[in-house]
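Enquirer: Please see the structure below; I have some questions.
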2 protein chains.
Amino acid sequence: AILKATELVFICTPIAAIRSTVEQLIPHLDPATVLTDVGSVKAPVVEAIAPLWANFVGGHPMAGKAESGIEVAQLNLFAHKPYVLTPIATTPPAAVEIVEKIARSLESNIYHCSPHEHDRAVSWISHLPVMVSSSLIAACMSETNSEVLKLAQQLASSGFRDTSRVGGGNTELGVMMARYNRQELLRSLQQYRLHIEEITNLIERENWPALEQHFQSTHSARAKFVPD
Amino acid sequence: AILKATELVFICTPIAAIRSTVEQLIPHLDPATVLTDVGSVKAPVVEAIAPLWANFVGGHPMAGKAESGIEVAQLNLFAHKPYVLTPIATTPPAAVEIVEKIARSLESNIYHCSPHEHDRAVSWISHLPVMVSSSLIAACMSETNSEVLKLAQQLASSGFRDTSRVGGGNTELGVMMARYNRQELLRSLQQYRLHIEEITNLIERENWPALEQHFQSTHSARAKFVPD
């Protein structure tokens, strides 16, 4: 009964449970209530929920930690972090405004885009890095000379630490990204493989000027993603 | 003349200049003087210098910063960091002992291995990560939808920041790794490509249990390289 008077409900389950959670909620909700979620993939969620509930706004607050639980709660976790909203043509602007009000009060940086654009963008900067990083760890473990493997483990430092971090992280999250953003991730992986092939070819052909050019362009490009 | 009384000389030039520097030094050195270098690839250096100077010990102190110059000098930079020595069969033990004495005084963690083992180990944990990370940036830049590219740049955060760091770093260093550790790096890249292919296949075939297994194994493996 208390749900009848509720203006906004956040669905904060794993992506796989969003649909069934909404279905269980619906009988208890007033039609004016706005639903939103916090899933890190948007197209499958919006496709599943928008037909069930008119006042649904897909959302992705991009802040969080490796740890979970109330012990690691943090004040201002969302401040100055992206909060992506993915309304579609049928989403009522008033519903979007209600979610935005909360995001503004958290001091998040608000972005609007289509669910598809969201999924394609996070595929590049979040999901592909996990696959790349995890494959790096797997490749290192493939060293068959046990002396060399032991030495590699002893000598690994900040470069390896950073590059391997997201690939050695949360197992379920990695599977979830692949499962729900499969098509975009495969597209990103395909492009990525071409670039690994290209860099390999440059090294094989000992084309050092072209390799230097490559590193110069990735050096400048990185600043557009993560300005220091 | 002052060099005649010198016990130990550190060659701290780029790898490409080590040989000519040693050739210029030789006429001024006493035969008892020990030479060592700090190059980050060892086989080509040891192969070039060992025949020229009996008392040569290949070395690689693995500490440093992105910045250079006296302004960023740091006390205890080498403390608790690896210092790899790569003596070969013909290296006099007394020469190794003299370099070790310095490394011990810096509180470095000293490792001994063959030049080849060194190059193979650093190929995995230092040189391959640079290629992987740089290719990640290049792949992201290949996004042809300018709205999505802009969104990706806006949404990139700590995961992308860490995974792209070494690939957006020093351009000359990247070329140097590829140039002087070419054979080992190509071997590492070849293994890496197989792992990227495998992860792509798992996602294509929607084999989620195997993908979870893969992430579990890279999660545990990482701790053997960089214990937290």
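Enquirer: For the stretch A:2-113, what is the number of Lys pairs with C-alpha distance below 22 angstrom, counting only pairs 8 or more positions apart or on separate chains?
Expert: Qualifying lysine pairs in the stretch A:2-113: 6.
Enquirer: Per DSSP H run of n ≥ 4, the term is -39500 (n - 2.57); total these for chain A, divide by its residue number, and report the mean residue ellipticity at 222 nm rounded to 500 deg cm²/dmol. Let's see the in-between values first.
Expert: Values: 10 runs with 121 residues, N = 228.
Per the formula, -16500 deg cm²/dmol.
Enquirer: Step through the residues of the stretch B:130-141 one at a time and calculate ³J(HN,Hα) from phi using the Karplus curve (6.51 cos²θ - 1.76 cosθ + 1.60, θ = phi - 60°), rounding each to whole Hz and writing x for Gly and Pro.
Expert: 5, 5, 4, 6, 5, 5, 4, 4, 4, 4, 4, 5
Enquirer: At 7 Å along the Cα-to-beta-carbon direction for both B:Asn207 and B:Thr144, put a label point, then send me their distance in nm to one decimal.
Expert: The modelled label-to-label distance comes out at 3.1 nm.
Enquirer: Ok, one more. Rounded to whole Å and sorted largest first, list the principal axis extents of the Cα atoms in the stretch A:117-225.
Expert: 42, 34, 23
Enquirer: Ok, one more. How tilted is helix B:93-105 with respect to the longest principal axis of chain B? Cα atoms for both, answer in degrees (0 to 90, nearest 10).
Expert: 60 degrees
Enquirer: Now for a separate question. Quick one: compute a quarter of the convex hull surface over the Cα atoms of chain B and quote it in nm².
Expert: Numbers: hull surface 64.9 nm².
Hull-based average projected area comes out at 16.2 nm².
Enquirer: Using only the C-alpha atoms of the protein assembly as shown, find the volume of their convex hull and express it per residue in Å³. Walk me through the intermediate numbers first.
Expert: Numbers: hull volume 71.6 nm³, N = 456.
Enclosed volume per residue, from the Cα hull, is 157 Å³.
Enquirer: Give me the net charge of B:Ala94's neighbourhood, meaning all other residues with Cβ under 13 Å from the Cβ of B:Ala94; Lys, Arg count +1, Asp, Glu -1.
Expert: Details: positive: B:Lys101; negative: B:Glu7, B:Glu97, B:Glu100.
Summing Lys and Arg as +1 and Asp and Glu as -1 gives -2.
Enquirer: Next up: Quick check for me: using +1 on Lys/Arg Cβ and -1 on Asp/Glu Cβ, what's the dipole size of the protein assembly as shown about its Cα centre, in debye to the nearest 20? Don't skip to the answer; put the middle values down first.
Expert: Working: 36 positive and 46 negative charges, 9 e Å.
Taking the Cα centre of the protein assembly as shown as origin, the dipole is about 40 debye.
Enquirer: Something else now. For the stretch B:2-113, with the dipole built from +1 on Lys and Arg beta-carbon atoms and -1 on Asp and Glu ones, taken about the Cα centre, which of B:Ala48, B:Asn109, B:Thr91 lies farthest toward the positive end?
Expert: B:Asn109
Enquirer: A further question on this structure: Apply 1/(1 + (r/R0)^6) to the Cβ-Cβ distance of B:Ala94 and B:His28, taking R0 = 25 Å, and write down the FRET efficiency to the nearest 0.05.
Expert: Result of the calculation: an efficiency of 0.75.
Enquirer: What are the ³J(HN,Hα) couplings of the stretch A:160-175, residue after residue, when phi is run through the Karplus curve with 6.51, -1.76, 1.60 and θ = phi - 60°? Round to Hz, x for glycine and proline.
Expert: Each residue's phi maps through the Karplus curve to give 5, 4, 5, 5, 9, 4, 6, x, x, x, 4, 5, 4, 5, x, 5 Hz.
Enquirer: Another question, if that's okay. Could you give the dipole magnitude of chain B about its Cα centre, charging the beta-carbon of Lys and Arg +1 and that of Asp and Glu -1, in debye to the nearest 20?
Expert: Details: 18 positive and 23 negative charges, 26 e Å.
Value, rounded to 20: 120 debye.
Enquirer: Also: How far is it, in nm, from the label point at B:Ser105 to the one at A:Leu52 when both lie 7 Å from their Cα along the line to the Cβ?
Expert: According to this spin-label approximation, the distance is 7.2 nm.
Bear in mind these aren't lab numbers, they're just calculated from the coordinates by the rules spelled out. This one's a predicted model, so the numbers in the text were calculated from it and none came from an experiment. So basically every Cβ, Gly included, is an ideal-geometry build from the backbone, and we count neighbours across all protein chains shown.
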